[in-house]
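Everything on this sheet refers to the single structure shown next.
Read-outs throughout are calculated quantities, based only on the coordinates presented, and are distinct from any laboratory measurement. None of the values given here were measured: they were computed from a predicted structure. Cβ: placed from backbone, ideal geometry, glycine included. Neighbour counts: every protein chain shown.
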Amino acid sequence: MGGFFGVASKHDCVFDLFYGIDYHSHLGTRRGGMAVFDKNNGFNRSIHNIENSPFRTKFEFDVDKMKGEYGIGCISDYEPQPLIVKSHHGTYAITTVGKINNAEEIEKMMFEHGTSHFLEMSGGDINPTELVASIINQKDNLIDGLRYVQELVDGSITLLLMNEKGLYVMRDKYGRTPAVIGHKEGEGFAVSFESFAYLNLGYTDYRELGPGEIDFVNENEVKMLVAPGNKMRICAFLWVYYGYPCSSYEGLSVEKMRYRCGEWIAKRDMERGDIHPDSVAGVPDSGTAHAVGYSNESGIPFERPFIKYTPTWPRSFMPTSQKTRNHIAHMKLIPVHDLIKGKKLLLIDDSIVRGTQMRNTTQFLYESGAKEVHIRSACPPLLYGCKYLNFSRSNSEMELITRNVINKLEGNTNEETIKEYINPDGDKYKAMVEEIRKELNFTSLGFNRLDDLKKACGIDEDKLCTYCWDGRE
């Protein structure tokens, strides 16, 4: 995924920039970066690997050396950024969040249009942010260049661009990812991926960009350059998993939405009345609020039968190696045996992707003395790999446990077959869930229904991207 933060200030912006970027650390995986522009000294930039060390630790010495009235920065999936680009538009810094599905096609087009080269990253890929800059540079002015990005990219791109005039912020054409602006009276403006990131820095909410909107921001004003479009497809998984609990998207807070998800899961369980757990718990951290909602609705006590060791263990999706991720997922959870031994537990996680970590967690609870382990997923079964965000490191959709199970049941996973497993009231869906339950050794397994998840969001369902669950583009 990744996230960004930018500041346009009447004074030095580096302090706000540093902490605003750090507040996006829950989104990032491998790289962090800062770029500033000082009216006397020009551009300065720093990029560090943050796989094994927090953003603040890596950048605390850079902060003392950097100075500028304008600044942008990011926590990044894997590509080094922000980039500083010199072109016929002048010099600018740029950072992006998104995914480009047609990168090879665009690369070929750029070479045909006179681009001489791209720098390869360590894996052999071209930096997608460099590719976006190349697209921008095909046009005579920045605004046309930014609009050309929206036109050309298959996937999603939300970005921040900084030059000597200020910041340009562009939200993805269909608003799949957010972009918000905060205001600090007498100081300037902040531009952020996460809406909470500027609050403790003294900014108040100013406005949220609409889908495809492009704004210019300096220390004195925010000017809309391109009005928002009518079609919205914001990623629903932002609320379920990626978003920090105190974030809000489209006016709906992450924490509140997760409570609602838990409530709907509990309602379905209570209707059936076939399980009677002693307590409900969430897999830390994103599953916790879902479990609180379940507890509030069902009356079953919320407890924490294991605690995440937070001082040093990061989110387990961060390392690139699946083996390492599994190891971290196990190491960071420490059991509270008094709350496990002889107990019937109901555990809620945000999602089940490959199932490896949840299988290990369940085994861990059995070994710690649990009598029953009932598993609930806060979202529906993941049937499709995300086309729009770097949600998962899966190299193939066959890494999804749902695809493996469907292939086992059907002998194929073609499009027509997959669609037969979407309906939660259908026999094939129920057979898939039961097969997953058996493979992962759960006492029972349930997934949040897509119709219930949409109710938990409470916004127009046509504005939600639910592709990973139902294939709807």
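With angles folded into 0 to 90 degrees, how steeply does helix 254-272 sit against the dominant principal axis of the chain? Use alpha carbons for both and round to 10.
Long axis of 254-272 versus the principal axis of the chain: about 20 degrees.
For Arg354, list long-range residues whose amide hydrogen, built 1.01 Å from N in the peptide plane, is under 5 Å from its own amide hydrogen.
Ile401
Using mean Cβ contacts within 10 Å as the protection proxy, how do 232-239, 341-348 order, highest first?
Result, highest mean Cβ count within 10 Å first: 232-239, 341-348.
Tell me whether region 1-124 comes out rounded, prolate or oblate; compute the Cα gyration tensor, take square roots of the eigenvalues as a ≥ b ≥ c, and use a/c under 1.5 as the rounded threshold.
oblate
Which whole-number percent is the relative contact order of the chain (Cα, under 8 Å, 6+ apart)?
12
Using Cα pairs under 8 angstrom and six or more residues apart, how large is the relative contact order of region 252-470, in percent?
For region 252-470, the relative contact order is 21 percent.
Using +1 at the Cβ of each Lys and Arg and -1 at the Cβ of each Asp and Glu in the chain, identify which of Tyr309, Gly369, Ile181 lies farthest towards the dipole's positive end.
Farthest along the dipole direction, towards plus: Gly369.
Indicate the gyration tensor shape class of the chain (rounded, prolate or oblate), computed on the Cα atoms with a ≥ b ≥ c the square roots of the eigenvalues: a/c under 1.5 is rounded; otherwise a/b larger than b/c is prolate and the rest oblate.
prolate
Among all lysine pairs in region 150-308 that are eight or more places apart or on different chains, how many have alpha carbons less than 18 angstrom apart?
Pairs that pass both the separation and distance tests number 4.
How large is Rg over Rh for region 252-470, taking Rg from the Cα atoms and Rh as the Kirkwood inverse mean of 1/r across Cα pairs?
Taking Rh as the inverse mean 1/r over Cα pairs, Rg/Rh reads 0.94.
Sequence neighbours fewer than 8 away in the same chain don't count; with that in mind, list the aspartates and glutamates whose C-alpha is under 16 Å from Lys463.
Asp172, Glu208, Glu213, Glu250, Asp451, Asp452, Glu473
Apply 1/(1 + (r/R0)^6) to the Cβ-Cβ distance of Glu112 and Lys165, taking R0 = 41 Å, and write down the FRET efficiency to the nearest 0.05.
That gives a FRET efficiency of 0.85.
Give me D for region 122-265 in µm² s⁻¹, whole number, from Stokes-Einstein with Rh from the Kirkwood sum over alpha-carbon pairs, 20 °C and 1.002 mPa s.
131
Using r as the Cβ-Cβ distance of Gln138 and Tyr309, and R0 as 45 Å, what FRET efficiency do you calculate, to the nearest 0.05?
0.35
What number, in percent, do you get for the relative contact order of region 3-232 if the mean sequence gap of Cα pairs under 8 Å and at least 6 apart is divided by its residue count?
For region 3-232, the relative contact order is 20 percent.
Taking the Cα centre of the chain as the origin, how large is its charge dipole in debye, to the nearest 20, when only Lys and Arg (+1) and Asp and Glu (-1) carry charge on their Cβ atoms?
The calculation lands at about 960 debye.
Would you work out the Kirkwood radius for region 3-232? I mean one over the mean of 1/r across all pairs of different Cα atoms, in Å.
Hydrodynamic radius (Kirkwood, Cα pairs) of region 3-232 is 17.3 Å.
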